[in-house]
1. Identify the residue in segment 106-127 that is free of Cβ contacts under 8 Å to residues at least 40 places away in the same chain and not in a helix (DSSP H, G or I) and, among all such residues, is farthest from residue 26 (Cα to Cα).
2. Which helices (runs of 4 or more DSSP H) does segment 1-87 wholly contain that include 2 or more residues that are surrounded by 14 or more Cβ atoms within 10 Å (Cβ to Cβ) and either not assigned by TED's automatic domain parsing to the domain that holds residue 109 or not hydrophobic (A, V, I, L, M, F, W, C) (or both)?
3. How about segment 1-58: which of its residues are among the charged types (D, E, K, R) and under 19 Å from residue 146 (Cβ atoms)?
4. Which numbered condition in (1) under 19 Å from residue 34 (Cα atoms); (2) more than 17 Å from the chain's Cα centre (by Cα) is the only one that residue 112 fails?
5. Looking at 131, 143, 139 in this structure, which one is exposed (fewer than 13 other Cβ atoms within 10 Å of the Cβ), assigned to a loop (DSSP other than H, G, I, E, B) and either of a type in the set (Ser, Thr, Tyr) or outside the structural domain of residue 1 (by TED's automatic domain parsing) (or both)?
6. Sort out which residues of segment 88-105 are part of a strand (DSSP E or B), loosely packed, with under 12 Cβ neighbours inside 10 Å and without any contact (Cβ under 8 Å) to a residue 24 or more places away in the chain, and write them in order of number.
7. When residue 77 is evaluated against the numbered criteria (1) touching a strand residue (DSSP E or B) at 6+ places or on another chain (Cβ under 6 Å); (2) of a type in the set (Val, Ile, Thr); (3) modelled with pLDDT under 95, which criterion, by number, is the only one it fails?
8. Based on what the data block shows, is residue 82 within 26 Å of residue 26 (Cα to Cα) and among the charged types (D, E, K, R)?
Amino acid sequence: MKIEDEIKGRFRNEYHKGMINLTYTTNHLSYKFLQFLKRHDVTEQQYNILRVLRGFNEGPSTIGFLKERMLDKSSDVSRIIDKLYERKLVERSENKEDRRQKDVRISEDGLKLLSRMDCIEMEVDKLLKKLTEEEVVTLNKLLDKIRS
């Protein structure tokens, strides 16, 4: 459905329309993704951290390392780690080289949770299935170009 039909609005120009369309579509996809996460009582930021920790599981990660890899750069990583620690999804320890730093690892419970959530990856892929793979490649190039 066209954006003008979705929001029943008009636009100053194509740039304005593009910005509104991008924002509306992002919110639409985010809402669907959040519905998947709610089933497991995990926020988007918590899921992001757990996935980073699983992906870099060869050793402990610091708060700074995690912050660099967050999709939401304004996230309070320390607070998110505290919540995950309370749920026993991560383990924390003092960094041997810098006592001000904390080393963070995904726990066995965290790995089990992500394993149960792996089906989310397939569901998320379906959100873009109306596009061909070639169209998704083009979309990714255009989004990269906007951010550059």
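The values are calculated or read from the model by the stated rules, or taken from the named source; none is laboratory data. Bear in mind the structure is a predicted one, so any value in this text is a computation, not a measurement. Glycine gets a Cβ as well: all are built from the backbone with ideal geometry, and neighbour counts include every protein chain shown.
1. At the first step, the residues of segment 106-127 found to be free of Cβ contacts under 8 Å to residues at least 40 places away in the same chain are 107-109, 112, 115, 118-119, 121-122, 125-126.
Filter once more, keeping what is not in a helix (DSSP H, G or I): 107, 118.
Values: 107: 31, 118: 22 Å.
Taking the candidates together, the pick is 107.
2. Counting at least 2 such residues, we get 14-38, 44-55, 77-86.
3. If the condition is that a residue be among the charged types (D, E, K, R) and under 19 Å from residue 146 (Cβ atoms), then 12, 14, 17 are the ones that fit.
4. That leaves (1) as the condition not met.
5. Details: 143 fails: assigned to a loop (DSSP other than H, G, I, E, B); 139 fails: assigned to a loop (DSSP other than H, G, I, E, B).
Just a single option satisfies the conditions, and that option is 131.
6. Of everything in segment 88-105, just one residue is part of a strand (DSSP E or B), loosely packed, with under 12 Cβ neighbours inside 10 Å and without any contact (Cβ under 8 Å) to a residue 24 or more places away in the chain, namely 94.
7. Failing condition for residue 77: (1).
8. no
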